């Protein structure tokens, strides 16, 4: 009987999960999102927050986890290590919010002290302030980009569809898709640039 | 950034894009890296494109969140939070609140006990067992191998991985009853009842399926979990499984 190498099996599975997340596999992202939300909502609701707070904190944390996996700053061993990491980040974000000046005015400090923040080996945001600022401007620009360009850029860079697939969907040839994509990128970069000036 | 920096030709953009998306050949990569060391304008252009690509991905993901969130029916979720989760929360409160929590929990348990016969959540927990799956076999056939590889994930409770592997196979065989059935039961085990219903519905559309009774049984449970008692009963009626009959009789009581 062949000996089963559990360690390599585990590594292979975690690599598949990471690959699916990096490829923005909608099914995987959606399942992770749905599976983990409830626990975070419960945490926030039980600690002076509202459902709206829970949703905001959770989405912020989810984005941070996704970004850290993409940047290889967090290498999950399996699905449950992602769940734990997401919970910890959300909990820390909620702690930060509770400790913020605006929030402290409304509640007693004693209530906050009972929630302990967990140490993370990797902080969700290590990128510098200037980078974050530019990124936010570019995100706003993409949010307001006109629809044909937005869909095209999203299909290629987020959904990771091939040129051939996009060409088939748009019923044009691949070279035209490339031209369109370049023009859309120029438009987006210019829009972000103009937001920077305002 | 001045006009010169903003202006990137298509050729230059595609070069930068290949660099950022890691699709360069080794030689091209080494040579590009060398140029970057001395060409500060190119370096700025690369950084600008890097930020733009990251912004597209992050904003697209944020825009997906709302769709994901719609699938979480908050009303149901508040009901599935388990008692053990409640107990875990107790440690966050000061000692004097513990006593009050215990009294509250005992009170709630009492209410649940008194109303136990018609509580859908309790009935669901009583009757829901994860389908044990199929015995995994060794196979040289690629699609068989992929199917059983996902079955190993399913049996270990790694439902998301199993689902994504089976969905890849489903693209070529969208009507396949075995795939639809296991994707459905994996979704149900993963607490995503709406998705479970969608796939299990595909199973019963296939009149020759060997999963007919099981599919109706799990459809009944999925509807029970979503508090749709009428549809739960209707689906359970079509299943000859003993557990379906027992559950149906409790629902009719």
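Rule-based calculations on the coordinates, nothing more; no lab input. Worth saying up front: this structure is predicted, and the values here are computed from it rather than measured. Reconstructed Cβ throughout: ideal geometry from the backbone, glycine too, with neighbour counts over all protein chains shown.
Please order A:189, A:183, B:50 by the number of other Cβ within 10 Å, starting at the fewest.
Working: A:189 23, A:183 13, B:50 16.
Fewest-to-most ranking of A:189, A:183, B:50: A:183, B:50, A:189.
Highest mean first, how do B:51-57, A:132-138, B:239-245 rank when packing is the count of other Cβ atoms within 10 Å averaged over residues?
Ranked from most to least packed, the peptides come out as B:51-57, A:132-138, B:239-245.
For the stretch A:21-66, what class follows from the C-alpha gyration tensor (a ≥ b ≥ c being the square roots of its eigenvalues): rounded when a/c is under 1.5, otherwise prolate if a/b is larger than b/c, else oblate?
Values: a/c = 3.34, a/b = 2.25, b/c = 1.49.
Taking the square roots of the gyration eigenvalues as a ≥ b ≥ c, the stretch A:21-66 is prolate.
What average number of partner chain Cβ atoms lie no more than 10 Å from the Cβ of the residues making up B:190-197?
Details: counts 3, 4, 4, 0, 1, 4, 0, 0.
Partner-chain Cβ atoms within 10 Å, mean over residues of B:190-197: 2.
Roughly speaking, what is the stretch gain from residue B:250 to residue B:129, that is 0.36 nm per residue apart minus the C-alpha to C-alpha distance, in nm to one decimal? Let's see the in-between values first.
Values: separation 121, 0.36 × 121 = 43.56 nm, distance 1.70 nm.
Here the segment from residue B:250 to residue B:129 would lengthen by 41.9 nm.
Please average, across the residues of A:157-164, the number of beta carbons from any other chain that are within 10 Å of each residue's own beta carbon, and give a whole number.
Mean inter-chain Cβ contacts per residue within 10 Å come to 3.
Sort B:20, B:188, B:200 so the one with the fewest other Cβ atoms within 10 Å of its own Cβ comes first.
B:20, B:188, B:200
Averaged across the residues of A:41-49, what count of C-beta atoms belonging to other chains lies within 10 Å of each residue's C-beta?
Details: counts 5, 7, 4, 0, 3, 6, 3, 0, 0.
Taking all residues of A:41-49 together, the mean is 3.
Based on other C-beta atoms within 10 Å, arrange B:163, B:72 from fewest to most.
Working: B:163 27, B:72 18.
So the residues, fewest neighbours to most, are B:72, B:163.
When only C-alpha pairs under 8 Å and at least 6 residues apart count, what is the relative contact order of the stretch B:126-252, in percent?
Values: 163 pairs, mean separation 20.8, N = 127.
Averaging sequence separation for qualifying contacts and normalising by length gives 16 percent for the stretch B:126-252.
How would you rank B:8-15, A:171-178, B:148-155, highest first, on the average number of other Cβ atoms within 10 Å across their residues?
The packing order, highest mean first, is B:148-155, B:8-15, A:171-178.
With the crude spin-label approximation of a point 7 Å out along Cα→Cβ, what separation in nm comes out for residue A:194 versus residue A:73?
Inter-label distance under the simple model: 3.2 nm.
Determine the shape class of the stretch B:126-252: with a ≥ b ≥ c the square roots of the Cα gyration tensor eigenvalues, call it rounded for a/c under 1.5, and otherwise prolate if a/b is greater than b/c, oblate otherwise.
It is prolate, given that a/c is not under 1.5 and a/b is the larger ratio.
Could you give the length gained on full extension between residue B:71 and residue B:119, defined as 0.36 nm per residue of separation minus the Cα-Cα distance, in nm?
My answer for the length gained is 15.0 nm.
Can you work out the FRET efficiency for the pair residue B:63 and residue B:36, with r the C-beta to C-beta distance and R0 = 45 Å, to the nearest 0.05? Don't skip to the end; give the middle numbers.
Values: r = 32 Å, r/R0 = 0.72.
After rounding, the FRET efficiency stands at 0.90.
Rounded, prolate or oblate: which one fits the stretch A:129-197, using the alpha carbon gyration tensor with axes a ≥ b ≥ c (rounded when a/c is under 1.5, else prolate when a/b beats b/c, else oblate)?
In terms of gyration-tensor shape, prolate.
Going by average Cβ density within 10 Å per residue, which order do the peptides A:19-28, B:208-217 take, highest to lowest? Could you put the intermediate results ahead of the total?
On the way: A:19-28: 16.6, B:208-217: 18.4.
Taking the mean over residues of other Cβ atoms within 10 Å, the ranking is B:208-217, A:19-28.
How far apart, in nm, are two points set 7 Å out from the Cα along the Cα-to-Cβ line at residue B:152 and at residue A:15?
Going from the residue B:152 label point to the residue A:15 one covers 1.3 nm.
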